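J.: To start, I am sharing the structure in question, which I have written as structure tokens.
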Amino acid sequence: MSTTAPIVPGDTPGTRAKLVLGDADFHKLSTDVSGIIERKPTPKYLIGLIAAASILLVMLGSLTTWS
Amino acid sequence: MNGVGVWGLDNTVFWAWDITGFVFWIGIGHAGTLISAILFLFRQKWRTAINRAAEAMTIFAVMAAGIYPAFHVGRVWFLYWVFPVPNQMSIWPNFKSPLLWDVFAVSTYATVSILFWYVGLVPDLATVRDRAKTKLSYYAYGILSLGWRGSHRQWLHYEKAYMIFAGIATPLVLSVHTVVSFDFATSVIPGWHTTIFPPYFVAGAIFSGFGMVITLMVLARKILGLEHIITKRHLENMCKIILATGSMVGYAYAMEFFIAWYSGNLYERYAFLNRAFGPYKWAYWSMVSCNVLFPQLFWFKKVRTSIPAMFVLSIVVNIGMWFERFVIIVTSLHRDYIPSSWSYFRPSIWDIALFLGTFGLFLTMFLLFCKFLPVIALGEVKAITPPADPHPPHDDHGREDEAGPHAADPDHDEPRAAKEDEPPDVAKADDEGEDEPQPKAEPKPSAKKKKKKGSGSKSKKEDES
């Protein structure tokens, strides 16, 4: 028995979508992950970091107020 | 007012936001160890893209949790007295106290989590070292990578060490929150003195931990451009775990009420009725909605595969889990055995500032981690890609991560082992009763590629094991 229905990975019972999408080449994976460390931080990242650090300062400020 | 006096505590509610925050953060940390250790031992390949970040999250969550007991002792500089170290004042910790058990449980958990995380990082730190463009980063990552060269011998030791750590960390996933639940369960306070607490706390911890992992991963994959490595499949699997553990938590809520009624204990019954219909009913019903009702939406695949929906629901889960700890702690304390001492707890601005600050600490540490350390376990992700597969998929059979032509054919699921050693044509010939065996089928072109010998590539063959 076979079916002529197209199989869409991840949508058909018994099949699963790939864990790494696209061309899963070793070098590309290294570049994608290490590139985050190597390149300059993006504005989105910096905004997030500044926001997080500001919230942290709330706690540090509250500690100094105690004393 | 000084010290912890600035918190909104009183004689009746002597624990509130501090212990709520502590239990909340310890719970958050559970998903990291579960993904790293338990899913590793169960050979769940999908863990590889998220385990590194989840382990980091565990460590930062434990750091955030550690702030509360440090401040709660009043004099932070004497915090080391909680450890059983000799001191000149002969103050020894009480070994019968679950609070001391907490010290051992949490410190062991933190130590094992850090070591496990670091061991996993070593090959990837070497990859970063080998790609370093400045001397500073070369030496910094060189020192951190402990002289890793990616030799066969090093991988052998590495994999053994990783397996041992996974074995050690697995019981910790269950033990840490079990011990934390003993802080309450060993007391005689109605609403706390219950045997269901350990499994209930562990399920809740995994529930909230995965909620936080989804929140962070959705943001990280978008901001860092890792959508092809942290895929919808990873996120959907985590949604399924949230659905399962959320249902366990819902069952625990129901059982608490049932046992309170079934016990026949008036105080116990009152404690639970007071939770649901007393002054803190808003907190109780927020908890039930966020932890039991909303996660049921994950039954629908559309919700499980919708990034905005799962992001919102993961935040809802974490709000609900914070409320769970608040409800357990405050509603059980605010009306004790003496009605004249009943009170209504309100947090002070310092309670709120401290709680917000722990979020600041957690997120700052996580963002720094994303920038300075490999956020994906490169070696492990490479090991599950086709180039690392010694038995690459061919045209005739569907594989776990590739939809083959027979994947949807129910008849194709016949026993494969019987024919494994002989070519398909021979098996067919035998079935047809032919005497002459057919010539062996021509081997199909293999997709196998020679593995790179770079320090970051991992030679693990997960399929074989």
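J.: How large is ³J(HN,Hα) for each residue in segment B:130-145, as worked out from phi by the Karplus curve 6.51 cos²θ - 1.76 cosθ + 1.60 (θ = phi - 60°), to whole Hz, x for Gly and Pro?
T.: 5, 9, 4, 9, 10, 5, 4, 5, 4, 6, 4, 6, x, 5, 5, 7
J.: Find, to one decimal place in angstroms, the Kirkwood hydrodynamic radius of segment A:18-64, where the mean of 1/r is taken over every pair of different Cα atoms and then inverted.
T.: Working: mean 1/r = 0.0735 Å⁻¹.
The Cα-based Kirkwood calculation yields 13.6 Å.
J.: Tell me, what ³J(HN,Hα) does each residue in segment A:25-32 have, in order and in whole Hz, if you take phi through Karplus 6.51 cos²θ - 1.76 cosθ + 1.60 with θ = phi - 60° and put x for Gly and Pro?
T.: Calculated HN-Hα couplings, in order: 8, 4, 5, 5, 4, 4, 5, 4 Hz.
J.: For the full complex of protein chains and a 1.4 angstrom probe, list B:D10, A:D23, B:D124 by accessible area with the highest value first. Before the final figure, lay out the partial values.
T.: On the way: B:D10 55, A:D23 105, B:D124 0 Å².
Putting B:D10, A:D23, B:D124 in descending order of accessible area: A:D23, B:D10, B:D124.
J.: Next question. For A:50-61, what's the mean count of beta carbons from other chains sitting within 10 Å of each residue's beta carbon? Each step should come with its number before you reach the end.
T.: Numbers: counts 2, 4, 10, 6, 3, 10, 10, 3, 8, 12, 4, 2.
What the average comes to for A:50-61 is 6.
J.: With all protein chains present, how much of the accessible area of segment A:18-64 (probe radius 1.4 Å) comes from carbon and sulfur, to the nearest whole percent?
T.: On the way: 1820 of 2490 Å².
Carbon and sulfur atoms account for 73 percent of the accessible area of segment A:18-64.
J.: Largest first, how would B:K160, B:K281 line up by accessible area (1.4 Å probe)?
T.: Values: B:K160 130, B:K281 105 Å².
Greatest to least solvent exposure: B:K160, B:K281.
J.: Pop out a list of residues from segment B:226-241 that are at least 50 Å² less accessible with all the protein chains around than in their chain alone; 1.4 Å probe, no ligands or nucleic acids counted.
T.: In segment B:226-241, residues shielded by partner chains: B:H228, B:R233.
J.: Using the heavy atoms of the protein chains alone and a 1.4 angstrom probe, what is the accessible area of segment A:18-64 per residue in square angstrom?
T.: On the way: 2490 Å² over 47 residues.
Per residue, segment A:18-64 has an accessible area of 53 Å².
J.: At 1.4 Å probe radius, can you tell me the per residue accessible area of segment B:85-167 in Å²?
T.: Values: 4870 Å² over 83 residues.
Ligands and nucleic acids excluded, the figure is 59 Å² per residue.
J.: A follow-up question, please. Using modelled amide H (1.01 Å from N, peptide plane; none on Pro or chain starts), what sits under 5 Å from the amide H of B:W148, excluding residues fewer than 5 places away?
T.: It is none; the list stays empty.
J.: Let me ask another. Could you please state how large a percent of the accessible area of segment B:1-79 is carbon and sulfur, counting protein chains only and using a 1.4 Å probe?
T.: Numbers: 1590 of 2430 Å².
The computed percentage sits at 65.
J.: Sort B:L224, B:L273 by accessible area with a 1.4 Å probe, largest first. Kindly include the intermediate steps, with their values, before the conclusion.
T.: Working: B:L224 20, B:L273 95 Å².
Of B:L224, B:L273, the descending order of accessible area is B:L273, B:L224.
J.: Rounded to whole Hz and in sequence order, give me ³J(HN,Hα) for segment B:180-191 from the Karplus expression 6.51 cos²θ - 1.76 cosθ + 1.60, θ = phi - 60°, writing x for Gly and Pro.
T.: Karplus values, whole Hz, x for Gly and Pro: 4, 5, 5, 3, 9, 5, 7, 8, 10, 7, x, x.
J.: At a probe size of 1.4 Å, how large is the accessible area of B:Y337, to the nearest 10 Å²?
T.: 130
J.: Another question, then. Counting Lys +1, Arg +1, Asp -1, Glu -1, what net charge surrounds B:Y200 among other residues with beta carbon under 10 Å of its beta carbon? Could you put the intermediate results ahead of the total?
T.: Numbers: positive: none; negative: B:E256, B:E324.
Here the charged neighbours net out to -2.
J.: Nearest 100 Å² is fine: how much accessible area is buried between B and A, summed over both sides, with a 1.4 Å probe?
T.: It comes to approximately 4900 Å² buried between B and A.
The values are calculated or read from the model by the stated rules, or taken from the named source; none is laboratory data. The structure presented is a predicted model; accordingly, all values stated were derived computationally and were not measured. All Cβ positions, even for glycine, are placed from backbone atoms using ideal geometry, and neighbour counts span all protein chains on display. Just so you know, the surface numbers come from the protein's heavy atoms only, side chains and all, with ligands and any DNA or RNA stripped out. Shrake-Rupley method; radii C 1.70, N 1.55, O 1.52, S 1.80 Å.
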